[in-house]
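Derivation of every value follows stated rules applied to the coordinates shown; laboratory data play no part. As the structure is a prediction and not an experimental result, all values here were calculated from the model. We place every Cβ from the backbone using ideal geometry, glycine too, and count neighbours over all the protein chains shown.
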Amino acid sequence: MAVQNSVRGTARTSRKGWALAVIAMAQFVVIMDTSIIGVALPRMQDDLGFTQENLSWVFNAYVVAFGGLLLLGGKLADLLGARRVFATGWAVLGAGSLLAGLAENVATEISGRAVQGVGAALIAPSALTLLMMLFGSEPKELTRAMALYAAAAPAGGTAGVFLGGAITEFISWPWVFYINIPIAIAALLAVRPLMPASNAQRGSVDLLGALVATAGLASAVYAIVEAPEVGWGATSTLVAFAAAAVLLTLFVVLQASRREPLMRLSIFRAPNLAAANGVQLLLGAAWIPMWFFLNLYLQQVLDLGPFASGSALLPMTLLIMVGMIAVAPRLIARYGPKVVAVTGLILLAAGMLWLAQIRSTGTFWADVLPASLVAAAGMSLAFIPSLMTAVSSARPEEGGLASGIVNTNYQVGSALGLAIMTAIATSQGAGRIGDLVALTDGFSAAFLGAAATAVAGAGLAVLTWRRGSLSAGAR
């Protein structure tokens, strides 16, 4: 009997390990898809006819759909079961990847990226819910599992740059999308044997709220991206900003008035949930623009090819993975999540201030590597404590919602941060392709803006985040 129990225990442990690998892969892929297009952008621009100003929509179409629908994805995971929503998300992501890879014009490319974002919005919150179902009963196991899951996000973001460079250099840019298809098929085959099933809950889905939130976010991003070209006081800019304000206000009103809202507003009464989500929003708004403009600096100013540009950011990936898996959990256990998050944000800001000193005649070794490693160290410390606090502060039965909220804040921050930094960079000369001095000045301004955003995140944490250990199912 003891031998049988030991065998069963080993089998359960092995199954949980494989399930965690699939969940971490899901996080890796949905974040990788934000970055894998970075190195391919110049080739896509030439082939499909994007302008320098609207090129960011290859990124934003994905992130707006991803961020705008994450709450819906989290709610569906709670209502329909996380395993079912997880599988559906992979199918949708695969379909969007095929469409984006086959695109022959700007409209089709942006549409494919948006469909990818819908799939990611189903995958991300359900993956985090499945992780909590598998490991939530054991705090030590949960911390280790969350560290691996969290490391997969920035690692996927930076590794995507390397993969995108290799694919673009040696194959062709459509394969940065096609690579998702075999991964999606493998994930679909693994779902039923590895992932725990959960009973569906009674309730309705606030589709109107999801559409209003997504439209509001898209309007805000559109206004910020287009303003440098048409003018901040132009009628189209003002109308887009007004539409965003009305739609996002309407979303809050809908959530406050509905019996079964997409996002229960009172969830933010849980200790530290609002603070941790605010930190995640500002973290995304700082990190993603840094990655985006660092890619452009490497290619458009330092004249590195796609593969060399991707390879240049591999040291960041390695440092982030080591920091998140081996360092951050120990520091959280010793000093608490608030201290670690604030320290990470300050380091991230320092790295970006260093990057802002880039030169038009610079080199990778002097202008990029040391500063990027400081920024990566900061990211590895700031991401995990804010993510874990945001998820663990909610009720267990609202794991999908909490996962959706924190992922939404990170993606919304990414979209708005990139839009704002694009506007700043363009106003300082980043739109003048071929003028290395103007490009460098624009990219430097974007890094300064991202550094200020990281400082704001640290300030928010200091003022609003209560000291203490991670919450557990706050009511």
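Details
- By the rule of a C-alpha distance below 16 Å, with chain neighbours fewer than 8 residues away ignored, the aspartates and glutamates paired with Lys75 are Asp206, Glu260, Glu397, Glu398.
- Straight-line reach from Lys16: taking Cα to Cα under 17 Å and skipping same-chain neighbours fewer than 8 places apart, the lysines in range are Lys140.
- The alpha-carbon atoms of the chain define a convex hull whose volume equals 137 cubic angstrom per residue.
- Mean residue ellipticity (222 nm) of the chain, computed from DSSP H runs ≥ 4 via -39,500 (n - 2.57), nearest 500: -26500 deg cm²/dmol
- Helix 2-35 vs. the chain, principal-axis angle (Cα, 0 to 90°, nearest 10): 20
- Axis angle, to the nearest 10 degrees, between helix 369-392 and the longest C-alpha principal axis of the chain: 30 degrees.
- HN-Hα J in Hz across segment 438-449 - Karplus 6.51, -1.76, 1.60, θ = phi - 60°, x for Gly and Pro: 5, 4, 4, 4, x, 5, 4, 4, 5, 5, 5, x
- Relative to the longest principal axis of the Cα atoms of the chain, the long axis of helix 207-230 lies at roughly 20 degrees.
- Built amide H within the under 5 Å cut-off of Ile36, gap 5+: none
- Highest mean packing comes first when the peptides 120-132, 438-450 are listed by Cβ atoms within 10 Å, giving 120-132, 438-450.
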